[in-house]
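Please treat every number below as a calculation from the coordinates, not as lab data. Predicted model, so just to flag it, every value in this text is computed and none were measured. All Cβ positions, even for glycine, are placed from backbone atoms using ideal geometry, and neighbour counts span all protein chains on display.
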Amino acid sequence: MKQIIFDCDNTFGVKDCDVDDGLALLYLLGCEKEAKLHGITATYGNNRLEVVYQTIQRMLKDLGREDITVKRGGERAGEYDSEAADYLVRMADACPGELSILATGSLTNLNGAYEKDPHFFEKVKEIVLMGGITRPLVFEKKVMDELNFSCDPHASCNVLRHGRNVSVITGNNCLKVLFTREEYRRELFSQEEPIAGYIRERTDYWFGYNEEDYGIGGFYNWDVTAAVYLMHPEFFTDHRGHFSFSEEDLRTGYLRRAADGPWQCNLPEIGKEKEFKRNIYDTWMKVGMGGNI
């Protein structure tokens, strides 16, 4: 069973903000027989830290999962002393060699843990990140900026250079699978489980936002893809290689491949699209609604 901490900038249901951190959280909760989610550390990115923190708490209350620990992280780049960083250090000590970290926002909290304990990454089993680009993210209407690694380039550089067993689900590799509104409604509107209605009500607006702003006929489940890789890497093809990571490149989230680069990293790509999608919908439906909404 995996021992997990989820570091995220969850804005599930917040007007004009991304929904995929929340969908990734639902995915992890649906994997309860395979994984224990010890805690969630809040970071900024999709919105201010306090909005993210409150969104996480509200969502856990909705789901009846207030038993899960939630810690505030740094509010901005360079703010590395936080309760989230302290918690990450404690959990790495409590689960040496067993802790898996899924990080889907800015990496300020992970770097905070590293600054508090230089051996932090040595104690962590694996880190799965959503972020970074290997080429521009070009859509019908405009180019999308990278919004995770670029939030705190110094932190991102340290995590990528010093983290052990790091896999990065890049923005480019997420583009392989689009979740269309028609498919989404077919899968969720036909379900009677309360969680299906919960997802529908809080995410339907996101399709219109993506169509209007980017000309996309659906949306990409960026953070969910990272969560699926953590739990089911068999749906992916690993692409391990050498890189030359620099703060300058990471100001735009760019991951520079270099045959003689000093750092190694894995950039998995979705390989089994149908199984990947089926697993996501099925796993969401395993989540109970124990709260009051």
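With springs connecting C-alpha atoms under 10 Å apart, model the chain as a Gaussian network and identify which of Thr104, Thr170, Thr252 has the largest mean-square fluctuation.
Comparing Thr104, Thr170, Thr252 in a Gaussian network model of the chain, the most mobile one is Thr252.
Mind checking segment 165-200 for trypsin sites (Lys or Arg not before Pro) that DSSP puts in a loop (not H, G, I, E or B) and that have at most 13 other Cβ atoms within 10 Å? Could you put the intermediate results ahead of the total?
Values: sites: Lys176, Arg181, Arg185, Arg186, Arg200; in loops: Lys176.
Sites meeting the loop and neighbour criteria: Lys176.
Rounded to whole Hz and in sequence order, give me ³J(HN,Hα) for segment 213-227 from the Karplus expression 6.51 cos²θ - 1.76 cosθ + 1.60, θ = phi - 60°, writing x for Gly and Pro.
7, 10, x, 9, x, x, 8, 9, 8, 3, 6, 4, 4, 5, 5
Rounded to the nearest 0.05, what FRET efficiency do Ala258 and Glu192 have when you use their Cβ-Cβ distance and R0 = 51 Å? Display every interim value, and only then the final one.
Working: r = 52 Å, r/R0 = 1.02.
Efficiency, rounded to the nearest 0.05: 0.45.
Once the Cβ-Cβ distance between Met289 and Asp213 is put in as r, and R0 is 30 Å, what FRET efficiency do you end up with, to the nearest 0.05? Working shown, then result.
Working: r = 31 Å, r/R0 = 1.03.
Between Met289 and Asp213 the formula returns 0.45.
What is the fewest-to-most order of Leu49, Leu147 by other Cβ atoms lying within 10 Å of their Cβ? It would help to have the intermediate numbers written out before the result.
Details: Leu49 23, Leu147 17.
The most exposed by this proxy come first: Leu147, Leu49.
At a Cα cut-off below 20 Å, give the aspartates and glutamates reachable from Lys33, other chains included and same-chain residues fewer than 8 away excluded.
Reachable aspartates and glutamates: Glu66, Asp67, Glu98, Glu126, Glu193, Glu234, Glu275, Asp282.
Roughly speaking, what is the stretch gain from Arg181 to Arg76, that is 0.36 nm per residue apart minus the C-alpha to C-alpha distance, in nm to one decimal? Don't skip to the answer; put the middle values down first.
Numbers: separation 105, 0.36 × 105 = 37.80 nm, distance 3.41 nm.
Residue separation times 0.36 nm, minus the Cα-Cα distance, leaves 34.4 nm.
For a quick check: with amide H placed at 1.01 Å from N, whose amide H comes under 5 Å from Lys2's, ignoring anything fewer than 5 positions away on the same chain?
Those qualifying (amide H under 5 Å, at least 5 residues apart or on another chain) are Ala35, Lys36.
Starting at the first residue of segment 114-125, write each ³J(HN,Hα) from the Karplus equation 6.51 cos²θ - 1.76 cosθ + 1.60 with θ = phi - 60°, in whole Hz, x for Gly and Pro.
In residue order, the calculated couplings are 5, 5, 6, 9, x, 9, 3, 5, 5, 8, 8, 5 Hz.
Would you mind calculating the relative contact order of the chain from Cα pairs under 8 angstrom and at least 6 residues apart, reporting the percent as a whole number? Numbers along the way, then the final one.
Values: 641 pairs, mean separation 60.9, N = 293.
Relative contact order, the chain: 21 percent.
Taking amide H positions as placed 1.01 Å from N in the peptide plane, with prolines and chain starts having none, which residues 5 or more places from Gly163, or on another chain, fall under 5 Å of its amide H?
Close amide H contacts, sequence-distant or interchain: none at all.
Taking just the C-alpha trace of the chain, give me its Rg and Dmax in Å.
17.7, 55
Ratio of segment 198-270's C-alpha Rg to 2.2 N^0.38 Å, to two decimals? List each step's numbers first, then the result.
Values: Rg = 16.6 Å, N = 73, 2.2 N^0.38 = 11.2 Å.
Ratio of Rg to 2.2 N^0.38 Å for segment 198-270: 1.48.
State the antiparallel share, in %, of DSSP beta bridges confined to the chain, rounding to the nearest 5.
Taking every DSSP beta bridge within the chain, about 25 percent pair in antiparallel fashion.
Based on the alpha-carbon gyration tensor of segment 8-93 and its eigenvalue square roots a ≥ b ≥ c, which shape applies: rounded if a/c is under 1.5, prolate if not and a/b is larger than b/c, or oblate? Intermediate results must be reported in sequence, preceding the final value.
Numbers: a/c = 1.93, a/b = 1.07, b/c = 1.80.
Because a/c hits 1.5 or more and a/b fails to exceed b/c, segment 8-93 counts as oblate.
Could you give each residue of segment 235-252 its phi-based ³J(HN,Hα) in whole Hz, using Karplus coefficients 6.51, -1.76, 1.60 with θ = phi - 60°, and x for Gly or Pro?
The phi angles translate into 7, 10, 10, 6, 10, 8, x, 9, 9, 10, 8, 9, 5, 4, 4, 6, 5, 10 Hz.
Checking the a/c ratio against 1.5 first, then a/b against b/c, what shape does the Cα gyration tensor give for segment 209-251?
Values: a/c = 2.87, a/b = 1.23, b/c = 2.34.
It comes out oblate by the Cα gyration axes.
In a Gaussian network model over the chain where Cα atoms closer than 10 Å are linked, find which of Tyr184, Tyr44, Tyr80 has the largest mean-square fluctuation.
So, out of Tyr184, Tyr44, Tyr80, the one fluctuating most is Tyr184.
Taking the simple approach of a point 7 Å from Cα along Cα-to-Cβ for both Glu34 and His239, what is their distance in nm?
2.3
Taking segment 129-188, which GluC sites (Glu not before Pro) meet the DSSP loop condition and have no more than 12 other C-beta atoms within 10 Å?
Values: sites: Glu140, Glu146, Glu182, Glu183, Glu187; in loops: Glu140, Glu146.
Those that pass, being in a loop and sparsely packed, are Glu140.
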